[in-house]
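The values are calculated or read from the model by the stated rules, or taken from the named source; none is laboratory data. Quantities reported herein were computed from a predicted structural model and do not represent experimental measurements. Glycine gets a Cβ as well: all are built from the backbone with ideal geometry, and neighbour counts include every protein chain shown. Surface areas here come from the heavy atoms of the whole protein model, side chains and all, with no ligands, DNA or RNA. Shrake-Rupley method; radii C 1.70, N 1.55, O 1.52, S 1.80 Å.
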Amino acid sequence: MSTLTGTGALLRLALRRDRILLPVWILVFAGTAASSASATVGLYPTVESRIVAARAANAMPALVAFYGPIDDPTSLGALSMLKLTVMGAALVALLMIIVTIRHTRAEEEAGRLELVQAGVVGRYAALTAALLLAAGASVVLGLLTAGGLIAVGLPAGGSLAFGLSWAMVGITFAAVAGVAAQLARSAKAAIGLSIAVLGVAYIMRAVADASTSHAVSWLSWCSPLGLGEQVQAYAGDRWWVLAIMLFIAVDLVVLSFVLASHRDLGTGMLADRAGPAHAGRTLAGPIGLAWNLQRTVFLAWLAGFVLLSAVLGNIASSAGSMMDSEQARELFARLGGTTVLTDAFLATEMGFVGFMAAAYGVQASMRLRSEETALHAETLLATGLGRIRWALSHILIAIAGMTGLLLVAGIVTAAANAAATGSWGSAGSVVAGALVQLPAACILAAVVVLLFGFIPRWTFGGWIVLVVVLLLAELGPLLQLSQTIMDISPFAHVPKLPGGQFTLAPLVVLLVVAAVLTIAGLF
């Protein structure tokens, strides 16, 4: 029997399981790109207006760090894809990470892969099927995106280059997830490792793009997101960069197969650390156990928050230098900012940090489902521990974790900005800007609890809701969506601090909504 025997059957099974998830998200990404391009055509109809806007954007290191530079100021396509070249590629990467882990390590952790491989199925069939599914979905997404951009009037060559850059980023991170699935023993840890790589790739690209020093510009070429940006769609169309990305993806796929050949089913290459001989006092209750289970993941998120906040806090110090540019103020306002550029960037940064904290909350709350499917919860509930207390232990850890991450992000951002500017005047408002994101983040975690309570197998829908909310925040102002649609996002009701006016009422309402959703899920 070949090591790839049964790959076709497993691929068909994976396609059947994802027959709703993948088509919906492919259409969402392609439609979002086309809508963004269509909206920008109306905003900047002339070459002169594009040059003014592009130069204003490129002159702001803060904006370049978030979204990347506009390589051709005269190009309508380059300006149209400002917010999607990097951020869109990162979301595509996240989708392919989830798809790959869902059909590899998650199946192995649940015991289904062991049952499947008891039949006529080769050792590498499941991994191959998952990678083929993610690669195929990436290519289809890229081609549909290119078709949508061409349909709204953008050049065909640049549109195809843009779509394929998204596709190659998706394929590369599917391969990253394939490696992570061999290293970690759980789906949660594998997703965490993959997202950590994605976060590092984003930070490396941000530092390279925002820096004026050629000594760090090479970092962009070490990041898959940076390579996707280096394709320079609509600004030269560097097709050869796609070959570099393909080479990296193939190397990672080969590495995943090599690692798979050196481990047993159900194990990971990263050995588990031996625990203490006797349980500590913290394990006497459900909250202590939940913390013990989620501690490593939280500390990994904390390290990422510290690094990201330090980088962005330092970059924020340069935003104020563009206060004398009317074009910069106009562009930033169209992108959802406020009147003062430094405060606008810090407020936008805190909103981004809020989304990241919500992502942690979603992952931490989803531990309820993984503990149940792994039958760990069954063992606990066989004792005197009730269902509500057990569920609340993980919910409380998620809330406490989000609070801690936001607090640390606010403090580190304020400190980094103060170190660069020499002024601590805005430190308090920066910390407040981070903490006001908590009620909105809690709603995303509460959605997971609600799904877990009512439709357990759809608990992963928390990630879908998070992506929808992120897309509304990123593209809503640009697409000029109605306020009714924008208000779907809980983050649309959060005060923009620093720089904005603090209002308590929306935060109270958000907390009440989060509490109602949580109670409904627990019920």
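Points to keep in mind about this one:
- I26 vs. criteria loosely packed, with under 14 Cβ neighbours inside 10 Å, within 30 Å of T128 (Cα to Cα), modelled with pLDDT of 80 or more and not hydroxyl-bearing (S, T, Y): no
- The set of residues in the range 169-193 being modelled with pLDDT under 90 and open to solvent by less than 10 Å² (accessible area, probe 1.4 Å) consists of A184, A190.
- Exclusive hit being within 30 Å of S35 (Cβ to Cβ), touching a Ser or Thr at 6+ places or on another chain (Cβ under 8 Å), open to solvent by 40 Å² or more (accessible area, probe 1.4 Å) and in contact (Cβ under 8 Å) with a residue 60 or more places away in the chain, set A110, A59, A93, A89: A59
- Some residue of the range 415-424 being in a helix (DSSP H, G or I) and either closer than 25 Å to V512 by Cα or within 21 Å of the chain's Cα centre (by Cα) (or both): no
- Restricting the range 382-392 to residues that are open to solvent by less than 70 Å² (accessible area, probe 1.4 Å) and farther than 17 Å from A515 by Cβ, the residue that is nearest to the chain's Cα centre (by Cα): W390
- Selection count, the range 296-324, where residues are open to solvent by 60 Å² or more (accessible area, probe 1.4 Å), small (G, A, S) and at pLDDT 60 or above: 2
- Failed item, numbered, when V258 is tested on (1) among the hydrophobic types (A, V, I, L, M, F, W, C); (2) loosely packed, with under 14 Cβ neighbours inside 10 Å; (3) assigned to a helix (DSSP H, G or I); (4) modelled with pLDDT under 85: (4)
- When the residues of the range 197-235 are filtered to those that are surrounded by 16 or more Cβ atoms within 10 Å (Cβ to Cβ) and part of a loop (DSSP other than H, G, I, E, B), the one that is nearest to the chain's Cα centre (by Cα) is S223.
- Taking residues in the range 186-205 that are of a type outside the set (S, T, N, Q), and partners anywhere that are surrounded by 21 or more Cβ atoms within 10 Å (Cβ to Cβ) and not in a helix (DSSP H, G or I), the pairs with Cβ atoms closer than 7 Å and at least 6 places apart or on different chains are A190/A184; L193/A184; A201/S223; M204/S223; R205/V86; R205/S223.
- In the set G422, G428, only one residue is at positive phi and either among the hydroxyl-bearing types (S, T, Y) or open to solvent by 50 Å² or more (accessible area, probe 1.4 Å) (or both); that residue is G422.
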